[in-house]
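Data block below; observations after.
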Amino acid sequence: MPVYNEEASIKKAIKTVIDQTYKKFELIVIDDGSTDGTSNIVKTLQKLDERIIYLRNEENRGTTYSLNRGLRKASGEYIARIDGDDWYHPRKLELQVKFLEGRNEYGIVGTFYILVDESGRAVKVRLPVTHSEIMKRMAYRNAFAHSSIMVRRSVLDMVGYYDERYEYAQDYDLYFRILEVSKGYNLPSYLLYRMRRRQGRRTLTKRTLNSILIPLRHRRILRRNVIYYPLLARRLLTLGIVIILP
């Protein structure tokens, strides 16, 4: 759980992890140099539950660095992800572990989610479910909700962690590498609540640019699936971009 100035929401986020029906986990909180009360809240909760591990960056290093620091610290067979203002359904970890334990060919499993805005309005968001549906979506858009995923540690060790060259959409790049060596799936159940975050124009521009560059970087994977390759070209055309793809 990478966090930065999340004092208003982090207690609830941590509670939804602690209250999971699946109990054998460690919760690693990486504080990216928060200047509010985030640190005190986490340390107080840490005293109540020894499964909480608190790490703090002495200066703000960004989400990607914090994610990798957490991965280096993690010791579990499966790695899940959550932000400091998101909430888990009580059975999320249980259902994802159950799925992966019976299907060794799968390296990543996500879920559907519910998007909640600042006024409390909720919208259910469905994602592609099967591996083939996920690969089709990956050609032009991310197929997983980042805070919903669970990944096999053995697969992460094989493909590497988050690429710190990406400030945004670092998960999109990682998923391509995971899907190159294993299969993916999204459980068709709403097991995550995500808060809609306001983004500035600069953030949106960088995120959009990375969403274009990342599929191009991994086009060899799409090339193996000829049916998906034209979807990438179509996505570029809608943005007014023409690139000759080898």
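Within the stretch 105-121, being surrounded by fewer than 13 Cβ atoms within 10 Å (Cβ to Cβ) and either without any contact (Cβ under 8 Å) to a residue 40 or more places away in the chain or part of a strand (DSSP E or B) (or both) holds for S119, G120, R121.
Scanning the stretch 81-95 for residues that are part of a helix (DSSP H, G or I) and either among the basic types (K, R) or touching a Leu at 6+ places or on another chain (Cβ under 7 Å) (or both) yields a total of 2.
Scan the stretch 104-124 residue by residue and report those that are under 21 Å from R91 (Cβ atoms) and either in contact with a Lys or Arg (Cβ under 8 Å, 6 or more places away or on another chain) or at pLDDT below 95 (or both). Y106, I108, T111, F112, Y113, I114, L115, V116, A122 - these are the residues of the stretch 104-124 that are under 21 Å from R91 (Cβ atoms) and either in contact with a Lys or Arg (Cβ under 8 Å, 6 or more places away or on another chain) or at pLDDT below 95 (or both). For L213, the requirement of being modelled with pLDDT of 60 or more, among the aliphatic types (A, V, I, L, M) and within 26 Å of T130 (Cβ to Cβ) is not met.
Each residue in the stretch 154-185 was checked for being in contact with a helix residue (DSSP H, G or I) (Cβ under 9 Å, 6 or more places away or on another chain), part of a helix (DSSP H, G or I) and either of a type in the set (D, E) or farther than 13 Å from T64 by Cα (or both), and 13 pass. Given the criteria of a type outside the set (K, R) and over 18 Å from M150 (Cα atoms), does V42 qualify? So V42 passes the test.
Give me a count of the residues in the stretch 14-45 that are charged (D, E, K, R) and surrounded by 16 or more Cβ atoms within 10 Å (Cβ to Cβ). Residues flagged as charged (D, E, K, R) and surrounded by 16 or more Cβ atoms within 10 Å (Cβ to Cβ) within the stretch 14-45 amount to 2.
Only one of (1) without any contact (Cβ under 8 Å) to a residue 24 or more places away in the chain; (2) crowded, with 20+ Cβ neighbours inside 10 Å fails for G102. Which number is that? Checking G102 against (1) without any contact (Cβ under 8 Å) to a residue 24 or more places away in the chain; (2) crowded, with 20+ Cβ neighbours inside 10 Å, the one that fails is (2). Out of A74, A80, one residue alone is under 17 Å from A145 (Cβ atoms) and either at pLDDT below 95 or small (G, A, S) (or both). It is A80.
The values are calculated or read from the model by the stated rules, or taken from the named source; none is laboratory data. Computed from a predicted model, the values in this text were never measured in an experiment. Every residue, glycine among them, receives a Cβ derived from its backbone with ideal geometry; neighbour counts consider all protein chains shown.
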